[in-house]
Amino acid sequence: MKMKKIIAPTMAQAIEKVKQELGDNAVIFHTKKVANGKFFNLFKKEHVEVFAASDPDTESSFNKMRRETEVKTKETKPLNRDAVLRPMPYKKLDEKVDRLFSVPQWLKSIQDLLLNQSVQWPHAEQLLQGLVKKWYQSDEQMSGDEAKKVLYDELLQRLNAEPIHTSHLNGKYMMLVGPTGVGKTTTLAKLASRAVLEEGKKVAFITADTYRIAAVDQLKMYANILEAPMETAYTEQDFNELLQRFAKYDHVFIDTAGRNFQNSVYIAELLQFLKAERQINMYLVLAATAKYEDLNRVIHQFESLHVSQLIVTKVDETATYGTLISILLQHPRLNLAYMTNGQEVPDDLQKAHVGNLINHLLGGSDGQ
């Protein structure tokens, strides 16, 4: 009797190989499913392992097995290959994929976590593929907790994770720009208060927000508390003169109007102010509660200003942090400078650390 082990993608293909190598009279006496190879570098594909032997007296047994296999093969509908390749969440493919692939259960849990936290699918897919690669490298021994640690390190590496301190950020001239309602004026007051109270700096204020009287009054109130001068710039000439007047101050904080970010006139006005010869450090202020699509449009609208520093407000008003993670992944040139988590001046202001943001995303506490 001649025996042979054969591995094939399907039972029908295994039987065909048995016939080719052992003849029509061969008999299959043991079958099982095995993981063999990788599928598009993401999942292992299950194959059929068959043990067969050639025996001229067992033709009837083989024919019976072949008939049963052919019936089962006809009953099983072929998998739509395009459905697997389309970039959609794994949870939409569970029923089909589970029949073919061997994947760790924690992969689904982490995927659900990322998507529920509003991480955009292209970013989630890249992160999940990286986890699967690490899982294979660990000889499929990596646990769910270890996978989260790998994910934390991967995000820390891909994002600008170096903590940015005040001394690195606050040049002489600081201008805050962004859409209406994100809290620019309050954030400006927080930054100025920290500079005065914690560093003993001498500060001054310039506001270019001539559209909202309340905003001017609010900033004037903060300026009076800090015993700092505040002036309003109505024109480009006013702005240049004020920059010159406050040249001896340690920091000059510049507030701008909160206008519709889709209005190109607003950006053109800001560009006029930025023709000043002095170096102005600009910060784009965005709200953590905004949708990914809106944040993305705001960033593109302000591209002509070459903003590279980001301040995120209203962090305390959301429980999902995946949108911010996706924004930082989508725009790697942006550095997360500060996050604000309330209205208290100057307390509700945090020097941003991406590691804390990642921990919030993964359901942990600050620090790692």
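Taking 0.36 nm per residue of sequence separation and removing the Cα-Cα distance, the Glu154/Lys5 pair yields an extension gain of 49.5 nm.
Does anything in region 235-259 have its amide N under 15 Å from the 7 Å Cα→Cβ label point of Lys202, and if so which residues? Only 244-253 pass the distance filter. Here each label is just a point 7 Å from Cα along the line to Cβ, and for Tyr234 and Asp294 those points are 3.3 nm apart. Loop-located GluC sites (Glu not before Pro) in region 279-368 (DSSP state not H, G, I, E or B) with no more than 14 neighbouring Cβ atoms inside 10 Å: Glu344. Modelled label positions at Val34 and Glu317, each set 7 Å beyond Cα in the direction of Cβ, lie 6.0 nm from each other. Figure the gain on full extension for Glu303 and Tyr136 (residue separation times 0.36 nm, minus the Cα-Cα span) and round it to one decimal in nm. Roughly 56.1 nm would be gained on extension. Pairs exceeding a 18 Å alpha-carbon distance, out of Lys202/Lys351; Lys190/Lys314; Lys5/Lys32; Lys108/Lys149: Lys202/Lys351.
Here, each number is a calculation from the coordinates, and none is a lab measurement. Since the model is a prediction, treat every value here as computed from it, not as a measurement. Here Cβ is always computed from backbone atoms with ideal geometry, including for glycine, and neighbour counts include all displayed protein chains.
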